[in-house]
1. Could you list all residues from the stretch 173-192 that are buried (at least 21 other Cβ atoms within 10 Å of the Cβ) and assigned to a loop (DSSP other than H, G, I, E, B)?
2. State yes or no: is residue 126 within 17 Å of residue 195 (Cβ to Cβ), in a loop (DSSP other than H, G, I, E, B) and among the charged types (D, E, K, R)?
3. Restricting to the stretch 521-539, and then to whatever is open to solvent by 10 Å² or more (accessible area, probe 1.4 Å) and aliphatic (A, V, I, L, M), can you tell me which residue is nearest to residue 137 (Cα to Cα)?
4. Kindly indicate the residue of the stretch 93-134 that is buried (at least 19 other Cβ atoms within 10 Å of the Cβ) and in contact with a helix residue (DSSP H, G or I) (Cβ under 7 Å, 6 or more places away or on another chain) and also nearest to residue 616 (Cα to Cα) among those meeting that condition.
5. Which members of the stretch 1393-1419 meet the condition of being open to solvent by 60 Å² or more (accessible area, probe 1.4 Å) and of a type outside the set (A, V, I, L, M)?
6. Are any residues in the stretch 1358-1392 surrounded by 14 or more Cβ atoms within 10 Å (Cβ to Cβ) and among the hydroxyl-bearing types (Ser, Thr, Tyr), and if so, which ones?
7. Give 1357, 1379 a once-over and let me know the one that is out of contact with any His (no Cβ under 8 Å at 6 or more places or on another chain) and at positive phi.
8. Every residue in the stretch 1332-1355 that is out of contact with any Gly (no Cβ under 8 Å at 6 or more places or on another chain), more than 23 Å from residue 1370 (Cβ to Cβ) and crowded, with 17+ Cβ neighbours inside 10 Å, please.
Amino acid sequence: MALKRNLMGQLLLHVTMGFALLYTKDLEVKAQSELPTPSQQPPSSDMTTASTMTTPSPPTTQSPQPSFDKPTKMQWAKAGNKIKLLEWLIEGCWSENNQPCPEAKEPEEVEYEGYDGFYNNLARPDLGAVDTPLLRRWPAAYKDGVYEPSGHDRPNPLDLSEQLLKGEIGTMSKTGKTALLVFFGQQVVEEILDAQRPACPPEYFNIKIPESHPYFRNKPHHSEMPLLRTRYDMRTGFSPGNPRQQLNEITPWLDGGLIYGTTKAWSDHLRMYENGTMAPHGLLAASNGGLFPDYNKVRLPMANPPPPFYHGEFIRKHETFKVDRFFKLGNPRGNENPFLLTFGILWFRWHNHLASYLNNAHPQWNDEKVYNEARKWVIASQQHIVINEWLPEWLGRKLDTYKGYDPSTDPQIDQFFQAAAFRFGHTLVPPGVYLRDYAKNDCMLVKNVSKESRKKDLIINGTVRTCNSFWRPQDFIEATTTEGKFIDIDRVLMGMAFQLCEEEDHKIVEDLRGRVFGPLEFSRRDLMAINIQRGRDHGLPDYNTARQVFGLKRINKVTDFKYVDRKIQGAFMKLHNNTLDNVDVWVGGILETNNGPGELFTKIIKDQFTRIRDGDRFWYKNMNNRLFTKEQVGRLEQLSVYDIILSVTELNYDDIQTNPFVAPSQDNGLNDLHPKCREVLLNKNCTRQNDSQDFLCHYLPQINVSKVEECTEPETYDYFSGSEESFIFTFIGNGLLILGFVGILFSLVRHKKKEQRERMSRTAEMARQSFRTERHLIRYSVFEWVDQKSPLRPVVVVMNPDNKQLQVRNQVGHLLRAMDLAHGQLIEVYIISDGRHLMLRVRNDYDLVLKFESEYLRENFLQGFEQFIQQVGVTRQRITMALPPALRQAVTRKDRQMRLEMFFRVVFSQAFKISHSEDEILKLDSQAAREIIYTELTRSEFAEALSMPAESEFVRKMFSLVDKDRNGFISFREFVDMLIIFAKGTADDKAKLMFDMYDINATGQLTQADFKNMIMSLMENVRADVQQQDLQTAINTILSAEGLANKDVITVEDFQRLLSNNEGRLGIDQLNLTGIPVPQGKVAALNRRTFIDHARVTVSSIYRDVREPMSETTSNTDAVHSSVRNDPTIDNDQENNRKEEPIESSFWISIKRNIENYSREIFWLALYTFVLLAIFAERAYYYSVEREHSGLRQIAGYGVTVTRGAASAMMFTYSSLLITMCRNTITVLRDTFLHIYIPFDLAVSFHKYIAMWALVFTVMHCIGHAFNFYSISTQTSDDLTCLFRNFFHSTHEIPKFHYWCWQTITGVTGILLTLLTALMFIFALPLARRRLYNAFWYTHSLYPVFYLLMILHGAGRLIQPPYFYYFFLGPCVLFTVDRLISVRRKKVEIPVLKAELLPSDVTFLEIKKPNDFEYKSGQWVRVACPDLSTSEYHPFTLSSAPHEKNLTIHIRGVGPWTTNIRRIYDPNLLGENPLPKIRLDGPYGEGHQDWYKFDVAVLVGGGIGVTPFASILKDIVFRSNMQHNTACKKVCRLLYHMKIIQ
């Protein structure tokens, strides 16, 4: 640095010497020119010689020296000389002829002022920082003391504005204040205060519009004027001790925030061009050759309300203007109007003017240094001009003398200042501003501008209308004159400097009072009403309290407002109910106005700026911050706004007065103005505000109604407009797609049926091979009507006279049903008169309804049928009937099964003392109950009840045993007799059991006829040697002896008395059949055996046949069975459990039984449901109560409550579904103690239960969003930006429904989730699972996509942060691990060793057991057949036992896959081909795999459901043979319709 200074010094020395030599040479030339002529020469030649030889003496005048005084405006305020002002200001000297100044001292390294206000006060770093609460000098006066607005009992703000503050335009300031002073004041408030941004979420505090108000009677015809409450500290507003505190979003310091922004990042963007390059030399990025700041192409978040002037264009286009049309400024609202923008550009140019000078003066500085130094001088200039120039003219007095920095001072903006006092300037705002030309152009008003399409009639009579200029300042600043030059800020400044503002009073021009800008839905609002409402929003106390706060006396009478006429005073008192104790601060303060702010406002404003100045550590006069020297401070205080304006514009010094805040006068540069400018001015007497002295002020003619255009009218906007089509098409489209899924389902089903028919027709020829060995049989191809809901199925009716059967087979040849005519005497033939149908009916069977393709085929069938019934010897009865009544009375298989189910239900409920009522168990009337008694079973039905083939030896012998009358059917009486024989207990118990079984309705009495039938059946069982006639006589004799012959009904007491008196005669002692072995010699001794004897013989033969192959282990098995049979504990427990209970009502019995049987299931379902509903309720409560006043809640009402609650419930349910899908985990847990408490067996059922809840909440969520999205689409863009801040949209865009639905990740994923959910649930219907299992499987396999969409749906953060992972993470990890286990398990192809087609569409497969395949009896596997599909797996229980070398499964054909399995393993179709292989996945656990852990195991199953018990029963035998020690001592197996106790 020293070396540089030496070099600089040497350079200056050489330059000085050069100037000296040149100066000497000039003197010589001048001296020679001034030498006398020869006539004037002295007579002495010596003198001449001497004079020519002598060097001329130095001149007597000294060379010009640099000046240290401020240059005059004539010296610097002209083109080419404006740099001299900066030389003086910064260096302290200037030279008119570029004379060198003394070497300037290099500025010290100092702390530059920050941007966000933090650490201005080192003791309290956040004091005066951005986003800190406004200052309260008095406790908040909220209605509830916490946050509800004050002033609820004060007059309507619109009434106050309309009746007290209304005034005509064209009044003039009484003190000579200019429009430039007023709009400079706006940029001052924008520098220190920004507390107008709405809170988020938005809180509406609308102002009701009186019916007499123009807003109601005329446009926009609204009932409320919209207004949003301002932002506040979210940590406040919870209690009276912590009331709501509003925020100042910028710093209260005069720190250049208006110019540079309040963050370093914002400041950097002001220096950066669109291409990302930084402006060099510490400059702010500029456009238009440096005239204006750069355009906002980077889209800084600057305020961008819609200009009311172009409202019609916005309605047509459904968008406003883009934010990139604005200039980049430090103040986001700096582009509000051309007058405010003028000062923003002014300060921008002042910075670049300083930066350019500093860069040239200090070439060694880097750009950052230049920028910060220029910024330092700009901030200091601003501080000085605001406090020392502008504020005295505004208040009419100066602040007290600065005494230095006071760190104890809080500079924050006072609530009274923000909401009332500083809004005093509204009364001064003119309705427009003149645009005036330069003095060189005669100071004429600018009237000729180039007209563009959007700028037609831009300037009228040389004025810019205030109300029509909002948010379109570039239209005026960038407008060009006819000469092609910008209007620029020069003409605006010149016009404002000569124009008086409006009069200092309480009247406001319509540009603010009724025509200020507003949102699209209310384009013109009343700023005065907003002022009043804002004070109430902030909880300000009343006017008199505010006066008391600032040490002023209270106003007790309206006449104290002495500057208000009596008419206004009267209206004031009427509005306030003749009291002055509940007046808004703004209203009372503005009524004090006279020449300037009233007493209260003056106090508030003075206090505020004093605190701002004294509390600022970086104040330019605080010498401790070392920012400036005393000399620099002295020069700063000589700087004026006039100097700055002339420095950065093309104005000459004679274009405006010296103090442009006050009108020109003799004391304010009037005489320095160009004569042409003085000619256009008018004059009047004005009064100085500070000393009330009159002076003659000069001004342009005041703007009135005749000189300006009218303000555009208030307009409205429907935000839903433009969304109608997308809203309708979206929901209709989704609905149609969902219906399309349903249509696809049914289309696929029909296509599947068509394929099946085609496949069946192709295999028909192969099927006929099964009939070639039966050529003597008569066959007919027809369609069978099954029931009302089932489609017709193609069948082959075979008339077999040998077996006396009418057989119905499928087209492959498998027997579907057989109508046995061997025991029937009559067959009813119903001829359908209005169709090609035929119905056949026989006793004890369901009807056969056939449809023929033509009448001819039906007649052909009838002819063959006539021959058939003649061969079998059956009587035929023909009946003609129409089709509908015939189908209504047809007994279908389902009807027959229900009748049989009632049959067995009655039998078993009576036999085993099951507590029931007629309504619960039978659900029949007494007549139907009697029909049950006379129901008879065929042998095929009896076999089906046992789940065994009708041709099996067991079925044949048991049926023969039970069918005592040999009529080919088992009646109710016969079935009861059998149960009595096998029932356990004494003979009395069995007799009592018989009575109870005949007493179906549990009335305790029988009719005499039923009683006789019961006694006859009893005696037939024990006295086979008695003839039928003798039995009738004996029964009548017994009844007469007991006095029962004449009784219509016999009670249970009568029966018990009869038994005790006639036990020997009835022989009931023989009913005590306790075992199978037959007494020695008894069978051979009796020629005619009793029914009991027949039972002994039959059962003995059956079980002997079964046990013969196992004789080698008989001794061991008998020992085990003996120990089991003789265990008294188990028997006693069973007897106690079978004690008859009192009969209760059906309702309570149903409740009790369900609770007993499903206690664990009920508990877990109830617990899950409770948790699920609690999750729903928590979110619903949160958005209904805790967020009741939030914007979204206010917009969507309770729709958001429903959708958010449903969303959380959906997250829980869909996450829970994954747990039920963890098969491996469930299998492992089933072997732990947890299976005692948790019903793992119901995983699939629980999966369905959860899925149903998920569907319910999904539907709720979707329907709720249909309403929510409508509500959202009707809201303002700003509100939606606040509510959905994670969904960015440009400020010019008006988001429509299609934006939210189709242009956001939440909307798109929501649509996809809805459709995917519909697809999965539709194809999970029983119809799809039964007929289109592949479609069900493939759609359900989309669950990874579903969960991915769920994650993305929440990641959009539309309403709340992502919430799904709270529910999803745990189940997802568990499910992933479980799936990895399944993937690692080897799925091998295994050969099928044996395949057999069993009745009831059951297919038996014997499979080779894979190596290392271990399982427990009762477990299940997943099976796939590669010949059908390699990925389609179905679960089946293993019917083999673990010790067997092969695996066996039984597959019942109930769907496409199982039906196809039966087809591909059909030996008739396979021929010589090998059996197709299968794949296994498993084993997986079931609840009955741990049967051996319990003392008593009761196995209950029906139909194909008994297959796991085959595995268990085999395991029992194996364990018994191996003498395996197990806890189980007794196994009870309850089949469907049959219970066998071993």
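1. Within the stretch 173-192, 173, 175, 176 qualify.
2. For residue 126, the condition - within 17 Å of residue 195 (Cβ to Cβ), in a loop (DSSP other than H, G, I, E, B) and among the charged types (D, E, K, R) - is met.
3. 530
4. Checked the stretch 93-134; the qualifying residue nearest to residue 616 (Cα to Cα) is 113.
5. Result: 1394, 1396, 1399, 1400, 1401, 1408, 1411, 1412, 1414, 1416.
6. Once the filter is applied, which keeps residues that are surrounded by 14 or more Cβ atoms within 10 Å (Cβ to Cβ) and among the hydroxyl-bearing types (Ser, Thr, Tyr), the stretch 1358-1392 yields 1363, 1365, 1382.
7. Only one candidate passes the filter, namely 1357.
8. 1332, 1334, 1335, 1336, 1337, 1339
The values are calculated or read from the model by the stated rules, or taken from the named source; none is laboratory data. Because the structure is predicted, anything quoted here is derived from the model rather than measured. Virtual Cβ from ideal backbone geometry, glycine too; neighbours counted across all protein chains shown. These accessible areas exclude ligands, DNA and RNA; they are computed on the full protein's heavy atoms, side chains included. Shrake-Rupley method; radii C 1.70, N 1.55, O 1.52, S 1.80 Å.
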